[in-house]
1. With a probe of 1.4 Å, find how much accessible area the range 349-392 has per residue, and write the answer as a whole number in Å².
2. Can you list residues from other chains, or at least 5 along the same chain, whose modelled amide H is less than 5 Å from the amide H of residue 193?
3. First measure r as the distance between the Cβ atoms of residue 246 and residue 352, then evaluate 1/(1 + (r/R0)^6) with R0 = 35 Å and state the FRET efficiency to the nearest 0.05.
4. Counting only heavy atoms of the protein chains, get the accessible area per residue of the range 162-269 (1.4 Å probe) and round it to a whole Å² value.
5. Amide H of residue 244 versus every other amide H placed in the peptide plane: which residues, excluding those fewer than 5 positions away on the same chain, fall under 5 Å?
6. If each of residue 89 and residue 31 carries a label point 7 Å out from its Cα toward its Cβ, how far apart are those two points in nm?
7. Taking 0.36 nm per intervening residue step and subtracting the Cα-Cα distance, what contour gain separates residue 45 from residue 366 on full extension?
8. Could you tell me which GluC sites (Glu not before Pro) in the range 175-266 are loop residues by DSSP with no more than 16 other beta carbons within 10 angstrom of their beta carbon?
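The values are calculated or read from the model by the stated rules, or taken from the named source; none is laboratory data. From a predicted model like this one, the values you see are computed outputs, not experimental measurements. Neighbour counts run over all protein chains shown; Cβ positions are idealised from the backbone, glycine included. Just the protein is used for accessible areas: all its heavy atoms, side chains included, with ligands, DNA and RNA removed. Shrake-Rupley method; radii C 1.70, N 1.55, O 1.52, S 1.80 Å.
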Amino acid sequence: FTLNATDWPETSTEFSEDRGFLTRAKRAFDSGDVIFQEPPLVLVYPQRDPPWLAALRTDLKAESEACAWQYCMAVHCLPAHACRKPLPDGVQPLDDFIYHKVMQLCGESPSESMEPSLLAVITVRHFVRAAREEASETSAGAPDGSRPPADDVHRDALRDDGERQLARQLDAVASRIARNGFQVMDMKARPPTSADALFHRVSFFNHCCAGENSASWTFDGGSRLMTVRTSRPVESGDELTISYISKPWSNLARQARRRYLKQNFNFVCLCRACTRPLAEQPAASVGEERAPGVEQNKLAGLLRRWMTDEGRTVDDDEAAPDAEPRPEPTPPPAGERAAPRAGPISEGERLERVLRRCQEEGLGATRDGAAAALQLEGGHVGKTMIRLRRERSQA
């Protein structure tokens, strides 16, 4: 796809070999100026799920709490040509123009030879059954009109090539949601509630650490518009950036925040704060940032444990902060298993390590859920633990 920037008078988008897409200002802005406003491509309120979608969300969470929302949102991102009629309750297909914009976002598309993920298969089975019940206007055998039998959500339950293609489509869309999704708060709703959203233009803004991002965003539930404003003066030609992370991670020393971004967003940060020469870096260490209500030595201990995960102090790119930053390697295609990062550690050993740490921390993760999270994180134990902790905190 090519980006159509003809209707973007304020910004331009370009591609960089080392940093992917980036956005530049086409004119000067003062601090606090509105750069643009845009509506969401897709906006989903989980609290408003129809019964079949609520049941799908429950079943997906049993496999992976961290990824369940991505597939629940993906069913709202399908084009008309990918959906059989009638559609399940609460689902409207995207028109081709909006779907085209969704697929422009950064993400992976599985090839025809790849098997769909288990999460995609589960989603297809719920989707197809809900559509069938919509057609028959009955919920015989399922009083809540939602949950298929256990054997109906098995990987082998895909009945034909059409369902297999739908599952691959869901994997492709979910990959883009995982990398570009926003969680927004609708303060105009009663009661105020959160929603999952995809936006187009702001998704081409890169990240910048340590409060040096040049822009920030807000969402208004009444108008359903995201407003992107400058957070400092910007000259024409300057790159526009936002922060993908909040405090305390955004204020940590470079070594710690780069590790956090690598584990949670799968890229090595090359922002202006992280590529500044070592002599110009602020004097800070991993344990220097203090969180309200947490003793400094306790916070430092937690951070040191996190930084020494898997027996390594830092990632290779962080071990030599004066070295030239390396671009992030291309991630493996969806559905393929990533090679081990270092050392002769098998996938089974990595899974046992995750399960042992889950038991130690009382996370209560199932074996299947831990295995799914480990696969989604490319076999990285530390990143998997971050994902599982986040799942537990959001439960």
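1. On the way: 2000 Å² over 44 residues.
Averaged over the residues of the range 349-392, the accessible area is 46 Å².
2. Distant-sequence amide H within range of residue 193: 186.
3. Working: r = 33 Å, r/R0 = 0.94.
Result of the calculation: an efficiency of 0.60.
4. Numbers: 4000 Å² over 108 residues.
With the other protein chains kept in place, the range 162-269 gives 37 Å² per residue.
5. Under 5 Å from the amide H of residue 244 lie the amide H atoms of 208, each far enough along the sequence or on another chain.
6. It is 5.2 nm.
7. Working: separation 321, 0.36 × 321 = 115.56 nm, distance 2.70 nm.
Gain on stretching residue 45 to residue 366: 112.9 nm.
8. On the way: sites: 212, 235, 239; in loops: 212, 235.
For GluC sites (Glu not before Pro) across the range 175-266 that sit outside H, G, I, E and B with at most 16 neighbouring Cβ atoms in 10 Å, the list reads 212, 235.
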